[in-house]
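These notes concern the structure reproduced below.
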Amino acid sequence: MRSNRSTRLAERLARWADLVGAGIFAVLFLSLVVQVVRRFVFGAPAAWTEELAAIAFVWVIFWGTAFTVPLHVHVAVDFVVPRFAPFARRVLYALGLAVLAGCFLWALPGIADYLRFMGRERTPVLELPYSIAYSVFFAAAIMVVLRCAAAIAFPPDPARSGESEKA
Amino acid sequence: MSAAFGLMLAVFVGIALLRGPIGLAMIAGGIAYLAVTGQDMGLAAEQILNSLFGSFVLIAVPMFIFAANVMNAGTLSERIYALAHAFMGRFRGGLAQVNVLASVIFSGMSGSAIADAVGPGMVEIEMMSKDGRYPRAFAVAVSAASATIGPIIPPSIPMVLYALVSGASVGALFLGGVVPGLLMAAAMMLVIVWTARRRNFPMEAPVPWAEIPGIFIRTLLPLLMPVVLLGGIYSGVFTPTEAAAVAALYALVLALFVYRALDWKGLVSVLADSARSTAVVGIIICGAFIFNYVLATEQIPARIADGFASLDLGPLAFLLVVNLLFLVLGCLLDTTTLLLVMVPLLLPVAKALGVDLVHFGVVIVVNMMIGLLTPPYGVLLFVLSGLAGVPVKDIVRELLPFIAALIAVLFLITFVPSLVLALPELAGYFRP
């Protein structure tokens, strides 16, 4: 079992990750607000707002996947595994996650190559290298592997299934 | 179908059935496909990232999520409840009717059924089950059923997703949902009239007419939100994405400055919540991008179109088959996955048969909202069962008449396309 101190550290990191996620979401929201205000109040649309919003959107999704949304909170099919006895349940859950982690692990070098290659190209308006705009995807891929490993080692409470907020 | 495609399906279905996250399971399936066919693994990243970066309309989704979270953190649900109560409380089974009417009003501001259920839905459950006036399971069932109106009356997150895969106009889809949404409300109100008589549900003391203008004024500012939102889209002033951001801004100004129901700390937590929900929906969208890339490579949609063509169905028979198929799939899969993976497979058939894509979209979304109520995978059931502490089994028993009523409306709008298309046509939409 993990010690108290490392649990406290994990909690503090999770809180910071949440704050950063909130910040990125605020950037997404504000760039759209600026877009509307520039066009209607000043009659001068800015080209960068749409691009910043698109980058922030990519970051919100993969920052969340990497650092703020635990695996069991994602949308999942919940009517097969709970029918088994607790031990079988743990084994089946771990098996699925092992395959998931294996696939992502396999793809990591290819993803890294792609991002390195995209360092040569820049976004049209802000001229940000795509390798930076997209870098959060790599973080998410690594974190999926680590999260799977952690969930196999320390399974989340099987009684609490992941029901998430969505459309 | 190639062996590689079979492997992709096996990886996806395998991980998903073992309770792995669905969105990540789709990406893993795509990776397995690329690996076996000897393609560059970077393609997985490229497909996902470039599609996300290029789909500006998708950014409406996080904005609608944010707007709904702001409204639920403010006192909006209570205000809407008070207004609906003033009108409907006086009838037999009045509080249940209030529940449906409040959902209709709220759905003009929110595009998500879950937001409707956890906001006004929970307020109404508490009011209905206070002093044991209504069986709690019945209260939960009414809240769950009426929450399905949320994404039918505009705005609507599922319809934005449908617009993304079909290329149909978001504005036309939104308007197309108005009449079906009102029909759903009417059907549920009839079920309540029938149940209230049979089980002798109570009436509320009528609110004096003199008090109604005051209650209306307290709700006036939130009621203006649909006007801003839809007026902006239909006058061509805003894109749907901008309109969603303006709606969120409007809700934020009301909650922060007018009602002072939200402080800065609350705002940060609403932002963090919205970011997490966006990631949850977004990762399924990403999985669908890579899945659809593989489906296109394997020419699966064309094969399905050929398969349907050989069945020689007319447009109506096709819609009927699709409805039955989705009612079953809706019990097993979630809305976003169905919309982004199954619907693109059927679109070429719909086009070939001359089915109007706006009509098709509204029918599909109504169908999927029924899927939110049907076990074993009924998200509204789980959420409300958890929040209200009522077993799913009891809710389902009370839900059955409502589900029957919703299915009746579904078939009505399937057979009478004008119920969907008349309003968009008034606003200038042409059937191709």
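For the full complex of protein chains and a 1.4 angstrom probe, list B:297, B:278 by accessible area with the highest value first.
Listed by decreasing accessible area, they come as B:297, B:278.
So which residue, out of B:292, B:323, B:200, gets the largest mean-square fluctuation from a GNM of chain B using Cα contacts under 10 Å as springs?
B:200
Please give the calculated 222 nm ellipticity per residue for chain B, where each DSSP H segment of at least 4 residues contributes -39500 (n - 2.57) and the sum is spread over every residue; nearest 500 deg cm²/dmol?
So the helix-based figure for chain B works out to -23500 deg cm²/dmol.
Heavy-atom accessible area of residue B:341 with all protein chains present, probe 1.4 Å, nearest 10 Å²?
Its heavy atoms expose roughly 10 Å² to the probe.
Mind telling me which of B:216, B:66, B:360 comes out most flexible in a GNM of chain B, alpha-carbon contacts under 10 Å?
Looking only at B:216, B:66, B:360, the largest GNM fluctuation is found for B:216.
When you look at the Cβ of every residue in A:105-118, what mean number of other chain Cβ atoms sits within 10 Å?
5
Might you work out the accessible area of residue A:78 for me, using a 1.4 Å probe with all protein chains in place, and round it to the nearest 10 Å²?
30 Å²
With n ≥ 4 as the cut-off for DSSP H runs, can you work out [θ] at 222 nm for chain A, using -39500 (n - 2.57) per run divided by the number of residues, rounded to the nearest 500?
That comes out to -22500 deg cm²/dmol.
Assign one of three labels to the protein assembly as shown, namely rounded, prolate or oblate, based on the Cα gyration tensor with a ≥ b ≥ c the square roots of its eigenvalues; rounded applies when a/c is under 1.5, prolate when it is not and a/b is larger than b/c, and oblate otherwise. The partial results should precede the final answer.
Numbers: a/c = 1.36, a/b = 1.32, b/c = 1.03.
Cα axes put the protein assembly as shown in the rounded bin.
Which residue fluctuates most in the GNM of chain B (Cα springs below 10 Å): B:242, B:211, B:78?
B:211
On the principal axes of its Cα set, how long, how wide and how thick is chain B? Give whole Å, largest value first.
Over chain B, Cα extents along the principal axes are 72, 48, 46 Å.
What average number of partner chain Cβ atoms lie no more than 10 Å from the Cβ of the residues making up B:54-63?
Per residue, the average neighbour count from other chains is 4.
Could you pull the accessible area for residue B:390 with a 1.4 Å probe, rounded to 10 Å²?
Number for this one is 10 Å².
Rounded, prolate or oblate: which fits the stretch B:188-328 when a ≥ b ≥ c are the square roots of the eigenvalues of the alpha-carbon gyration tensor, with rounded for a/c under 1.5 and prolate only if a/b beats b/c?
Oblate shape, in that a/c is at least 1.5 and b/c is the bigger or equal ratio.
Would the stretch A:22-167 count as rounded, prolate or oblate if I go by the C-alpha gyration tensor, calling it rounded below 1.5 in a/c and otherwise prolate when a/b exceeds b/c, oblate otherwise?
Oblate shape, in that a/c is at least 1.5 and b/c is the bigger or equal ratio.
Sorted by accessible area (1.4 Å probe), largest first, how do A:145, B:294 line up?
Putting A:145, B:294 in descending order of accessible area: A:145, B:294.
Could you compute the FRET efficiency for residue B:312 and residue B:205, with r as their C-beta to C-beta distance and R0 at 51 Å, rounded to 0.05?
0.25
Which net charge results for the neighbourhood of residue B:171, defined as the other residues with beta-carbon distances under 14 angstrom from its beta-carbon, given Lys and Arg at +1 and Asp and Glu at -1?
-2
At R0 = 41 Å, how high is the FRET efficiency between residue A:46 and residue B:9 if r is their beta carbon distance? Nearest 0.05 is fine.
Once the sixth-power term is evaluated, E becomes 0.35.
If Lys and Arg each add +1 and Asp and Glu each add -1, what is the summed charge of the other residues whose beta carbon sits under 12 Å from the beta carbon of residue B:417?
Values: positive: B:431; negative: B:356, B:425.
Within the 12 Å Cβ shell, the charges total -1.
What's the average, rounded to a whole number, of partner chain beta-carbon atoms within 10 Å of each residue's beta-carbon in A:32-42?
Other-chain Cβ atoms within 10 Å of each residue's Cβ, averaged: 4.
The values are calculated or read from the model by the stated rules, or taken from the named source; none is laboratory data. Note that the structure is a prediction, hence the values are computed from the model and not measured. Positions of Cβ are generated from backbone atoms using ideal geometry, with glycine treated the same way; all protein chains shown enter the neighbour counts. What goes into the accessible areas is simple: the full protein's heavy atoms, side chains included, and nothing from ligands, DNA or RNA. Shrake-Rupley method; radii C 1.70, N 1.55, O 1.52, S 1.80 Å.
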